[in-house]
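FYI, it's all coordinate maths here, none of it is from the lab. What you see is a predicted model; the values in this text were computed from it and never measured. Here the Cβ is made from the backbone with ideal geometry for all residues, glycine too, and neighbour counts use every protein chain on show.
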Amino acid sequence: MTQVDLHLHTTFSDGRLTPLQLVELVGQRGLRVVAITDHDSTEGLPQALEAARRFPHLTVIPGVELSTDIPGNEIHVLGYFLRYSDPGFQRTLQEFRNGRVERAREMVSKLAELGVPVEWERVLELADGGSVGRPHIAQAMVERGYIRLPQEAFVKYIGRNGLAYAERPKLTPADAVRMIRGVDGLPVLAHPREVENLESILPELEAAGLVGMEVHYGNYTPSQVEALAAIAARDGLIPCGGSDYHALGTPGEVEPGHVGPPLETVERLNALARQRANISA
Ligand code: AMP
Ligand code: ZN
Ligand code: FE
Ligand code: FE
């Protein structure tokens with residue numbers, strides 16, 4: 001059982017639990033510190049922070065997860081302790097979410113051409129007003145009976161090399177880091193094993209202001225964690241991580257409390273966040 005989980009999704013993006021349900025789950029499990037990190041949205045944070053008041057031992061860190069656009073590479077940047085109410089920041093997130101709608105439409109029409117149609121209305125219903133993502137399309141495909149598990153949709157259709165994949169305008173990874181710094185947040189590289197050419201990409205992100213990297217993530221093995229921890233230590237990056245829980249209920253899904261960084265990580269993040277807040281105040 002771990003006490004910290006800094007990577008969680010809710011219904012405000014592609015997670016299946018509302019912020020309230022998620023906070024109840026982690027609160028009841030006895031976690032001490034969690035971060036809510038929806039894709040391109042901070043709209044679940046007020047609900048999550050409110051719910052956390054019922055669990056005095058629990059702290060909820062405000063967060064976000066931004067996708068970036070290096071072709072053929074899935075680089076995501078997490079941001080913690082950001083001044084998320086900033087109007088310019090919110091406008092940019094709204095633009096990203098609009099881009100997600102356009103891109104999901106494109107994938108849905110490609111699926112129709114490929115003979116595996118799903119209803120656009122159903123995809124929107126599954127997204128329920130939050131950031132539309134590929135998992136919503138995958139779920140619609142499961143419901144239509146084309147596949148049994150959402151991940152099968154990624155292999156053949158909506159993964160980066162899938163037949164129905166579509167891109168959307170996104171930031172470069174360094175811009176994502178700067179965007180989070182722009183609202184006094186702490187940028188952290190997500191799931192680095194999914195990043196191709198990690199070592200050649202890190203210097204630029206560090207120069208842009210990256211402060212941490214996920215190390216204790218999902219189902220990474222102990223030796224993988226060790227290798228990432230060594231890179232983080234070498235570069236002075238705070239070793240972060242979490243379950244990346246979406247509550248999909250799929251076999252082998254990693255749950256909150258199963259993986260995460262030590263409390264010391266939170267202390268280091270807290271110290272940096274306080275420094276940032278003082279500087280910009
Ligand atoms: P999107 O934000 O629309 O680009 O979708 C990315 C999300 O899809 C990730 O955050 C995961 O939740 C999910 N995802 C990505 N790759 C896979 C995969 N191979 N199998 C299942 N889910 C995936
Ligand atoms: Zn997701
Ligand atoms: Fe991610
Ligand atoms: Fe995630």
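In table form, for the structure just shown:
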read-out: Whole-number percent relative contact order across the chain, with pairs defined as alpha carbons under 8 Å at least 6 apart; value: 23 percent
read-out: Spatial separation of Cα centroids for segment 28-81 and segment 181-247, in angstrom; value: 16 Å
read-out: Residues whose placed amide H lies under 5 Å from that of G185, excluding near-sequence neighbours; value: R83
read-out: Under Karplus coefficients 6.51, -1.76 and 1.60, residue-wise ³J(HN,Hα) of segment 182-191 in Hz, glycine/proline x; value: x, 10, 6, x, 9, x, 9, 6, 8, 4
read-out: Percent of Cα pairs exceeding the 30 Å cut-off, where the set is the chain; value: 27 percent
read-out: Relative exposure of S243, S280, judged by other C-beta atoms within 10 Å (fewest first); value: S280, S243
read-out: Degrees, to the nearest 10: 222-235 long Cα axis against longest axis of the chain; value: 60 degrees
read-out: Cβ-placed point charges (K, R +1; D, E -1), dipole of segment 35-144 about Cα centre in debye, nearest 20; value: 200 debye
read-out: CD proxy at 222 nm, helix term only [per DSSP H run n ≥ 4: -39500 (n - 2.57); per residue of the chain; nearest 500]; value: -13000 deg cm²/dmol
read-out: Separation in nanometres of the label points that stand 7 Å from Cα toward Cβ, at N98 and E113; value: 2.5 nm
read-out: Cα gyration tensor category, rounded, prolate or oblate, for segment 191-281 with a/c compared to 1.5; value: oblate
read-out: Test item: Cα-centred dipole of the chain, Lys/Arg +1 and Asp/Glu -1 on Cβ, debye; value: 320 debye
read-out: Rounded to whole Hz, the Karplus (6.51, -1.76, 1.60) HN-Hα couplings of segment 85-91, x for glycine and proline; value: 6, 3, x, x, 4, 5, 4
read-out: Reduced Cα scattering model of segment 93-158, Debye log10 I(q)/I(0), q = 0.25 Å⁻¹; value: -1.09
